[in-house]
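Below you'll find the structure, written out as structure tokens, and then a few comments.
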Amino acid sequence: AHPLASNFLLQFAFNGYGAGNGTRITPTETYTTGSDALLRSAAATANYGSAATADLTRVATQESRFVLRFDNQLALGDPTIATATLRLNANSSGTGNRPARVCRLIEDWTEGTGGSGGSTAGNASWARRTGTTNWATAGASFDATNCVTFNLNYRGNTDVNITPIFQQWAAGKPDFGVVVMATTNASQA
């Protein structure tokens, strides 16, 4: 049927899963966030998508959280990965640690370009997940049954084992990223 290919012979067949496209999965591979945004209850529609830092605040009058999504979607759905760790780095004037949790998001969102001063132009904010669409629950819609609690160090790294969240993605749950939040009223971290 194909005269030009009649003499073609394949001597070594190889299925190079992920080869050449930057998605090679190694046992200790590190992924950075592809999107992140700070959410502040006191500025419910302000977007801080391009802010360089985020804070966790929970006091009687306001709360702030942050949402993030990782850059390698192929790896996030790979059921052969046994452990996933989220590393957070804090630089606060406080001491000790702060009770917090990270939960799997259940709605998609867009990062936006608002800076540290915030922008009302839209995208991820306390009230909205996109420029015009609200979260089902203000402050980010998440699966409360798929959260990991941890203590955030006020200074330096905190490694959080998010394997239970990762396993939900590998089992086919949509990957919209995670939300990180304080669980007790305290000053900023």
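The values are calculated or read from the model by the stated rules, or taken from the named source; none is laboratory data. Since this is a predicted model, take the numbers as computed values, not measurements. Positions of Cβ are backbone-derived with ideal geometry, glycine not excepted, and every protein chain shown enters the neighbour counts. The accessibility values were calculated without ligands, DNA or RNA, using every heavy atom of the protein model including side chains. Shrake-Rupley method; radii C 1.70, N 1.55, O 1.52, S 1.80 Å.
Sort out which residues of the range 169-178 are over 14 Å from the mean Cα position of the chain (by Cα) and either assigned to a helix (DSSP H, G or I) or farther than 11 Å from I106 by Cα (or both), and write them in order of number.
Those that are over 14 Å from the mean Cα position of the chain (by Cα) and either assigned to a helix (DSSP H, G or I) or farther than 11 Å from I106 by Cα (or both): A170, A171, G172.
Sort out which residues of the range 136-149 are crowded, with 18+ Cβ neighbours inside 10 Å and either more than 16 Å from the chain's Cα centre (by Cα) or among the charged types (D, E, K, R) (or both), and write them in order of number.
Correct list: empty.
Restricting to the range 31-44, what's the tally of residues that are in a loop (DSSP other than H, G, I, E, B) and open to solvent by less than 50 Å² (accessible area, probe 1.4 Å)?
Counting residues in the range 31-44 that are in a loop (DSSP other than H, G, I, E, B) and open to solvent by less than 50 Å² (accessible area, probe 1.4 Å) gives 1.
Every residue, every condition in (1) of a type in the set (A, V, I, L, M); (2) under 22 Å from F70 (Cβ atoms), yes or no:
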{"residue": "I81", "(1), (2)": "yes, yes"}
{"residue": "A84", "(1), (2)": "yes, yes"}
{"residue": "L88", "(1), (2)": "yes, yes"}
{"residue": "V102", "(1), (2)": "yes, yes"}
{"residue": "I106", "(1), (2)": "yes, yes"}
{"residue": "T145", "(1), (2)": "no, yes"}
{"residue": "P164", "(1), (2)": "no, yes"}
{"residue": "A171", "(1), (2)": "yes, yes"}
{"residue": "T184", "(1), (2)": "no, no"}
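Among the candidates T184, T145, T137, which residue alone is out of contact with any strand residue (DSSP E or B) (no Cβ under 6 Å at 6 or more places or on another chain) and in a loop (DSSP other than H, G, I, E, B)?
T137
Spot the failing condition for N89; the list is (1) under 17 Å from V179 (Cβ atoms); (2) at pLDDT 85 or above; (3) part of a strand (DSSP E or B); (4) under 18 Å from the mean Cα position of the chain (by Cα), and only one is missed.
(1)
Considering only residues that are at pLDDT below 80, over 18 Å from D159 (Cα atoms) and over 15 Å from the mean Cα position of the chain (by Cα), which ones fall in the range 61-86?
D78, P79, T80
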